[in-house]
1. Projected area of segment A:174-266, taken from the Cα convex hull and averaged over every viewing direction, in nm²?
2. Hey, got the dipole for the protein assembly as shown? About the Cα centre, +1 on K and R Cβ, -1 on D and E Cβ, debye to the nearest 20?
3. Assuming a ≥ b ≥ c are the square roots of the Cα gyration tensor eigenvalues, decide whether segment B:78-154 counts as rounded (a/c under 1.5), prolate (otherwise, with a/b larger than b/c) or oblate.
4. Mind checking B:200-210 for the average number of partner chain beta-carbons within 10 Å of each residue's beta-carbon?
5. Each residue of segment B:25-34 in order: what ³J(HN,Hα) in whole Hz does its phi give by Karplus 6.51 cos²θ - 1.76 cosθ + 1.60, θ = phi - 60°, with x for Gly and Pro?
6. How would A:Cys76, A:Cys84 line up from fewest to most surrounding beta-carbon atoms within 10 angstrom?
7. Place a label point 7 angstrom from the Cα of A:Leu49 along the Cα-to-Cβ direction, then list the residues of segment A:231-263 whose backbone nitrogen is under 19 Å away.
8. Using a/c under 1.5 as the rounded threshold, could you call chain A rounded, prolate or oblate? The axes a ≥ b ≥ c are square roots of the C-alpha gyration tensor eigenvalues, and prolate needs a/b larger than b/c, oblate otherwise.
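All of the numbers you see were taken from the coordinates with simple rules; none came from a lab. These figures come from a predicted structure and were not determined experimentally. All Cβ positions, even for glycine, are placed from backbone atoms using ideal geometry, and neighbour counts span all protein chains on display.
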Amino acid sequence: MKTSTPSRAPLLFFTTVGICLFMVAPVLVSVMAGLVNSYNRGLSSGLTLRWVQQVWDVYGSTVGASIGLALACVACTLLLGVPCAYGLARSRSRFARAFEELLLLPVAIPGLATALALILVYGNMTSLRQSFGFILIGHVIFTLPFMVRTVSAAFQRPDLLAIEEAARTLGAGFPQRFLGVLVPAVLPAIVAGMLMVFTLSIGEFNLTWMLHTPLTRTLPVGLADSYASMRIEVGSAYTLVFLIVILPVLWLLQALTTLIQKRYGT
Amino acid sequence: MTATPNPMSRASQIRLLCMLPALVFFAAFWLLPAATLIALPAEKGWETYLLVLTDARYLNSLLNTLWLSLATTLVTLVLGAAVGIYLARRRFRGRQALISLLTAPLAFPGVIVGFFVILIGGRQGTFASLTSSLGMGRMTFAYGVIGLFLAYLYFSLPRAIASYTAAAESMDPQLEEAARVLGATRWQITRDAWWPQLLPTTVACGAIVFATAMGAFGTAFTLSSQFEVVPITIYTEFTNYANFAVAASLSIALGLVTWGVLFLARLLSADASPAQ
C-alpha cells in the first residue's frame with residue numbers, strides 16, 4: 001500500500017501518538033516507581049533494589065506458584081485439548097458442534113460466575129479447596145477453548161487429511177498416526193496454543209481471586225494484596241517482577257504467530 | 001459404545017474417544033457447577049431471578065455497568081480504529097516493535113491496570129503532584145467513574161488496535177484510490193470506502209470489548225471504586241454477606257448479558273459474510 005505524508009492525516013497521527021503515550025507512560029512510571037527510593041520525590045531520591053528485594057521476601061513464593069500453575073495448566077490443556085481438537089476438527093455431527101459451542105461458554109461469561117459455580121459444588125471438599133488443584137481446575141476450564149480452537153483450526157487443513165490417509169493405508173495404527181504424523185504437522189499451532197494458555201494462566205485474576213486461599217496465592221493475587229496493603233513502591237516493584245516473567249513469553253508468542261502466518265498463510 | 005444398535009464406524013469411535021477426556025472434565029467442572037448455580041436462586045423463590053431488575057440497588061449497579069461498558073466500547077472503537085488505520089498504512093522503523101508494545105497490555109491482569117490508574121491519578125499520583133504544584137491542591141480521579149473508565153479504556157485498546165491494524169492492512173486500496181480519483185472528500189472516503197470494510201471488525205471487536213468490560217472484576221477491585229459495578233456487587237454479596245442466592249442470580253444476569261452480546265455479534269457477522 002502506498003504511504004502518504006504525515007500532513008495528509010494529522011488527526012490519525014496525533015491520535016496515534018496520544019494513544020501510544022497513554023499505553024506506555026503508566027508502564028514506565030510503574031517501572032520507575034519500583035526502582036526509586038521514594039515515588040513522591042521521583043528519580044532524585046536515588047535508585048534502589050530494596051523494594052524488589054522486599055517483594056521477593058514477602059511474595060517470592062507467588063512467582064514460583066504462578067509459573068508452576070501455568071505450566072501445569074499448559075500440560076492439562078495439551079492432554080485434554082489436543083485430542084479433543086482432533087475429534088472436533090474431524091466431526092460433522094451436531095453433537096460435536098454443540099460441544100464446541102459449550103466449551104466457549106467459560107470465556108463468554110465472566111470468570112467470577114464460573115468461580116462461584118465451582119465453589120458452590122466443590123467448595124466443601126476441603127482438601128481440594130485448599131490446594132492449588134482448585135485454582136488449576138478453574139484455569140484449565142478458562143484456557144481450554146483457546147487451545148482447542150487454535151489446534152482444531154490447524155487440524156482442518158485439507159492436506160492433513162491426505163497425509164493421515166496415506167499413513168493409514170501404510171498400516172499405521174491410530175496412536176502412531178496421531179503422535180507420529182498429525183501432531184508434528186500441527187506443532188506450530190500447538191506451541192502457539194501453549195504460549196497463549198501460559199500467558200492467560202499467569203495473568204488470570206477474576207477466577208483466581210475467588211478460588212485462592214491464604215496458602216494458595218498466585219502472582220496476580222499477591223499483586224492485589226500488595227496494592228491494598230503495601231507502599232506504592234513495593235506494588236510497583238512487584239508489577240516489575242510480573243513484567244519480567246510475562247514479557248519474554250509474549251514476545252515468543254508474537255514471533256511464533258508471525259512464523260505461522262508466513263508458513264501457512266492466514 | 002459398542003452396545004448401540006447402529007455400531008459406529010471405527011473412525012467415529014476414535015473421534016469420540018479423543019473428545020471424551022475433555023468432555024468429562026468439562027461436564028464435571030463446568031456444566032455441573034453452572035447448572036447448580038443456575039438452580040440456586042430458585043430455593044429463595046422464583047422472584048430471586050429478577051432481583052437485578054426489581055431491587056433498586058442491584059438495578060442501579062447494572063445500569064452503571066451497562067453505560068460504563070457502552071462508553072468504554074464506543075471510545076475504544078473510535079480510538080482503536082484511528083490507531084489501527086494509521087499503523088496499517090505507515091511503514092517506519094520500529095513499527096512492529098510499537099505494535100508489540102501497544103498490544104502487550106492484553107496480557108496484564110486487571111489489577112495491574114487498576115494500579116496504573118492509582119499511580120497516575122491516586123492520592124500519591126503524578127496528577128495530584130501536578131495539581132498541587134499548580135496551587136490547586138492534590139486532585140485525584142482514580143477512585144471514581146473517571147478512573148474506572150480510563151482503566152477500562154486501557155485494557156480494551158490493545159485488542160481494538162490489534163484487530164483494526166489487521167483489518168486495515170487487508171483493506172482493498174483500489175476502492176480508496178477510485179474514490180479519491182472520483183473526487184471524494186476525506187469524510188466520504190472514511191464513510192464509503194473504509195467503514196464498510198471495517199464493519200465486521202467493529203462488530204466482533206465491539207462485542208468482545210463490551211463483554212470484557214461488563215465482566216471486569218480486578219480493575220474495580222483494585223480501585224475500590226465508589227462507582228459500583230455488577231462484578232463488585234456479586235463479590236460483596238458472596239463474600240461479605242454470604243448471600244449465595246443473590247450472588248448467583250446476579251451472576252446469571254451478568255452472564256446472560258455478556259453471552260448474549262457475543263452471540264448477537266456472531267449472528268451479525270455470519271450474516272455479513274455469507275461465504276463463511
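1. 8.9
2. 1140
3. Values: a/c = 2.55, a/b = 1.99, b/c = 1.28.
Prolate, since a/c reaches 1.5 and a/b exceeds b/c.
4. Mean shielding by partner chains, rounded to a whole number: 0.
5. 4, 5, 5, 6, 10, 10, 4, 4, x, 5
6. Taking fewest neighbouring Cβ atoms as first place, the list is A:Cys76, A:Cys84.
7. What the label zone holds, given the 19 Å backbone N cut-off, is A:233-246.
8. oblate
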